[in-house]
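To start, the structure itself, in structure tokens.
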2 protein chains.
Amino acid sequence: MSFEGRETGLPRPPRPTTMIASPRLSHDLGLDVILAAETFQYTGSFKYRAARHVVASVQQAHIITASSGNFGQALAYACALFGKRCTVVMPAAGVQTKMDGIRYYGGTVDIVDTASVPREERVAQLAAQHPDAYIASAYDDPLVIAGNSGLGHELAALNLGCDAIIVPVGGGGLSAGIITGLREYGDGTPVIGAEPEMANDAARSLRAGELASLAGEPPTIADGARVRRLGRHTWPILRAGLADIMEAGEEQIAQAVRVLFNHANLKSEPTGALGIAALLAQPRRFAGRRVCCVVTGGNADCDLFARIIASG
Amino acid sequence: MSFEGRETGLPRPPRPTTMIASPRLSHDLGLDVILAAETFQYTGSFKYRAARHVVASVQQAHIITASSGNFGQALAYACALFGKRCTVVMPAAGVQTKMDGIRYYGGTVDIVDTASVPREERVAQLAAQHPDAYIASAYDDPLVIAGNSGLGHELAALNLGCDAIIVPVGGGGLSAGIITGLREYGDGTPVIGAEPEMANDAARSLRAGELASLAGEPPTIADGARVRRLGRHTWPILRAGLADIMEAGEEQIAQAVRVLFNHANLKSEPTGALGIAALLAQPRRFAGRRVCCVVTGGNADCDLFARIIASG
């Protein structure tokens, strides 16, 4: 069933984030945790905020991007709304449900074997073939950061009184956007990144004070964090604005997915659960305090999800 | 880890329901569907609305009830807040995660083999043993209907402009509450019940114009609808106020759980998915129109849930 053209012309501003509090989750974690779930955002992740802003802002009718899938889905949906088209470069090892989502909304999926051709190289090839297209980064574009800053505005307006806001970090587009949005609204709440141990380029960059890169795309189950380095636009914002980065192991990420599923009834994809995973990794750090965890998306494959929740 | 006593004295009014719209879900169903999710309500289902109202309203410090689990969990949590205690009669075939939840919040679980002793009989035995206790029905109590009417007030205030609101029916406590609440706020939106085919006592009652009973508790996967008949208090409200009841087969209920999971990122227990299941059972009935489905709860066992989503 094709979606293309069905909603062309509808404005569809981003849905406000969904705030969820579970006394049981808080009690089990030993702190007061509030979830800001972007799993019910259009196309199931925060990426719609940025994608819509890009599609609405640029003149081009064709947009090319590389995405592990959520930005691609969001871009395809935004293009459907604005009567534009997009091509999304995805790794062959990408999540099936995200590929299906891009095609569902009318986007073109371009699969690349990232072991032999980096995504950026494939995007450069496509850019050369389509000189009229806009090349969008899923994270490293001022328009992306501006689109994501809306979540920072929402969190500031909610006046949560948190000791920290923990945000999953891949390319840094969301964390940079949240920092920007909070500060624009005069909210100084510390923002902490959460990253898989095996994809800790942001943590290493922050410690070293200079941009670090991973040699290849790490096979973490948090597929949204399989990014080799932060962006040129996100890095300065994160270097100046992130209070810290917390790292989580793969088993802690799976455990966080289970905890959210069982004790908050929330379906999170592994990347979305990184904040809770970071709290599981450092259980004493925020004991008795109040923390907001941004759950970035919920688009997990059924099979993977069933395996994760059954293995608890 | 025990929860008992931890939140005693906190007021905890019910959380407003969570409104979710997914263009993909709407498109796939061929109508404009809005979800009113009670899965993020305290203790994970709408039952907290009623349980809190009962616990806050009665003088007794000990409350006895029969529950397939969600009312029991909600009651146990409400008792923890108000410094009271409860005993919950559950069928041996009950959902493990719900039994665990009752115990977690400090409630006592009393397991009964419903094949030999009906739940009501066991409740009567306990009532005789504890003359000072309040005997609460999970659905057939004016306090329960009044507590649930709050969701009707919320839906009326949201002014959704729906052609119908579809509500899962077990004992009828929620549907009676929603009808009551909507009408109190001057909202005449038709309310339709949704029921498993194999537990269709409400549909049969409505057709016959008199209260019908099932011979035994039907083994539907929608465990919240394993009720043999509507209540004395709920039946008159439903007879006068329900526009219709739609029935769904077991496979449609499982399919509805999958559809909500995959296309709305929502974790629903099978009973909560009855509204979507009813729409799958009658796909043309609301074609092109706008419908609100109340998703009553999200407390499914991991193993069952993993089986349901993996079998799609």
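The values are calculated or read from the model by the stated rules, or taken from the named source; none is laboratory data. All figures in this text were calculated on a predicted structure; none of them were measured in a lab. Reconstructed Cβ throughout: ideal geometry from the backbone, glycine too, with neighbour counts over all protein chains shown. Keep in mind that these areas ignore ligands, DNA and RNA; they rest on the heavy atoms of the full protein, side chains included. Shrake-Rupley method; radii C 1.70, N 1.55, O 1.52, S 1.80 Å.
Going by the conditions given, is B:V144 closer than 20 Å to B:L75 by Cα, open to solvent by less than 10 Å² (accessible area, probe 1.4 Å) and touching an Asp or Glu at 6+ places or on another chain (Cβ under 6 Å)?
No.
Restricting the search to the stretch A:283-302, which residues are over 16 Å from A:G101 (Cβ atoms) and either over 22 Å from the mean Cα position of the chain (by Cα) or at pLDDT below 95 (or both)?
The answer is A:P283, A:R284, A:R285, A:F286, A:A287, A:G288, A:R289, A:R290.
Could you list, in sequence order, all residues of the stretch B:11-41 that are part of a loop (DSSP other than H, G, I, E, B), within 7 Å of chain A (Cβ to nearest Cβ) and polar (S, T, N, Q)?
The first filter runs over the stretch B:11-41 and keeps only residues part of a loop (DSSP other than H, G, I, E, B), leaving B:11-17, B:22, B:30-31, B:38-41.
Subsequent filtering for residues that are within 7 Å of chain A (Cβ to nearest Cβ) retains B:39-40.
If the condition is that a residue be part of a loop (DSSP other than H, G, I, E, B), within 7 Å of chain A (Cβ to nearest Cβ) and polar (S, T, N, Q), then B:T39 is the only one that fits.
Do you know which of the residues in the stretch A:220-238 that are β-branched (V, I, T) and open to solvent by 30 Å² or more (accessible area, probe 1.4 Å) is modelled with the highest pLDDT?
A:I237
For residues in the stretch A:199-216 being touching a helix residue (DSSP H, G or I) at 6+ places or on another chain (Cβ under 9 Å) and either small (G, A, S) or within 20 Å of A:G297 (Cα to Cα) (or both), which is most open to solvent (accessible area, probe 1.4 Å)?
Only one residue tops the list, namely A:S213.
Residue by residue through the stretch A:46-84, note down the ones that are in a strand (DSSP E or B), surrounded by 20 or more Cβ atoms within 10 Å (Cβ to Cβ) and more than 18 Å from the chain's Cα centre (by Cα).
A:I63, A:I64
Just give me the residues in the stretch B:23-41 being in contact with a Phe, Trp or Tyr (Cβ under 8 Å, 6 or more places away or on another chain) and surrounded by 24 or more Cβ atoms within 10 Å (Cβ to Cβ), in sequence order.
B:E38, B:Q41
Answer yes or no: is there a residue in the stretch A:106-113 that is open to solvent by 30 Å² or more (accessible area, probe 1.4 Å), of a type outside the set (F, W, Y) and under 23 Å from A:L158 (Cα atoms).
No.
Within the stretch B:2-10, is even one residue away from chain A (no Cβ under 13 Å), of a type outside the set (S, T, Y) and either open to solvent by 40 Å² or more (accessible area, probe 1.4 Å) or in contact with a Lys or Arg (Cβ under 8 Å, 6 or more places away or on another chain) (or both)?
Within the stretch B:2-10 (the criterion being away from chain A (no Cβ under 13 Å), of a type outside the set (S, T, Y) and either open to solvent by 40 Å² or more (accessible area, probe 1.4 Å) or in contact with a Lys or Arg (Cβ under 8 Å, 6 or more places away or on another chain) (or both)), the answer is yes, since at least one residue qualifies.
If a residue has to be farther than 15 Å from A:E197 by Cβ and within 14 Å of another protein chain (Cβ to nearest Cβ) to count, how many in the stretch A:266-286 make the cut?
Count: 6.
Which pairs have Cβ atoms under 9 Å, sit 6 or more apart or on different chains, and link a residue in the stretch B:259-274 that is over 19 Å from B:G30 (Cα atoms) and hydroxyl-bearing (S, T, Y) to one that is at pLDDT 95 or above and part of a helix (DSSP H, G or I)?
B:S268/B:A256; B:S268/B:V257; B:S268/B:L260; B:S268/B:F261; B:S268/B:I276; B:T271/B:I253
Return the residue satisfying two criteria in turn: it lies in the stretch B:239-265 and is more than 30 Å from B:G209 (Cβ to Cβ) and polar (S, T, N, Q), and of such residues it is farthest from the other protein chains (Cβ to nearest Cβ).
The selected residue is B:Q255.
Cβ contacts < 8 Å: first residue without any contact (Cβ under 8 Å) to a residue 12 or more places away in the chain, restricted to the stretch B:198-213; second residue surrounded by 12 or more Cβ atoms within 10 Å (Cβ to Cβ), any location; separation 6+ or different chain. Result?
Filtered contacts from the stretch B:198-213: B:R204/B:A212.
How about the stretch A:253-266: which of its residues are surrounded by 22 or more Cβ atoms within 10 Å (Cβ to Cβ) and of a type outside the set (A, V, I, L, M, F, W, C)?
Those that are surrounded by 22 or more Cβ atoms within 10 Å (Cβ to Cβ) and of a type outside the set (A, V, I, L, M, F, W, C): A:N262, A:N265.
Using the structure shown, decide if B:T87 is out of contact with any strand residue (DSSP E or B) (no Cβ under 7 Å at 6 or more places or on another chain), modelled with pLDDT of 95 or more and either open to solvent by 10 Å² or more (accessible area, probe 1.4 Å) or within 12 Å of another protein chain (Cβ to nearest Cβ) (or both). Full working, then the answer.
On the way: out of contact with any strand residue (DSSP E or B) (no Cβ under 7 Å at 6 or more places or on another chain): no; modelled with pLDDT of 95 or more: yes; either open to solvent by 10 Å² or more (accessible area, probe 1.4 Å) or within 12 Å of another protein chain (Cβ to nearest Cβ) (or both): yes.
When the stated conditions are applied, B:T87 does not pass them.
Is there any pair with a first residue in the stretch B:157-176 that is under 15 Å from B:L206 (Cα atoms) and a second that is hydroxyl-bearing (S, T, Y) and surrounded by fewer than 24 Cβ atoms within 10 Å (Cβ to Cβ) whose Cβ atoms are under 8 Å apart and which are 6 or more apart or on different chains, and what are they?
B:G171/B:S137
Could you please give the count of residues in the stretch B:90-105 that are in a loop (DSSP other than H, G, I, E, B), open to solvent by less than 30 Å² (accessible area, probe 1.4 Å) and farther than 16 Å from A:S22 by Cβ?
Count: 2.
Where in the stretch B:145-257 are there strands (runs of 3 or more DSSP E), lying fully within it, with 1 or more residues that are more than 19 Å from the chain's Cα centre (by Cα) and among the hydroxyl-bearing types (S, T, Y)?
In the stretch B:145-257, no matching strands (runs of 3 or more DSSP E) lie anywhere.
Out of (1) within 13 Å of another protein chain (Cβ to nearest Cβ); (2) out of contact with any Ser or Thr (no Cβ under 9 Å at 6 or more places or on another chain); (3) in contact (Cβ under 8 Å) with a residue 12 or more places away in the chain, the odd one out for A:A61 is which?
Failed condition: (1).
Take the stretch A:300-312 and flag every residue that is more than 7 Å from chain B (Cβ to nearest Cβ) and in a loop (DSSP other than H, G, I, E, B).
A:A300, A:D301, A:S311 - these are the residues of the stretch A:300-312 that are more than 7 Å from chain B (Cβ to nearest Cβ) and in a loop (DSSP other than H, G, I, E, B).
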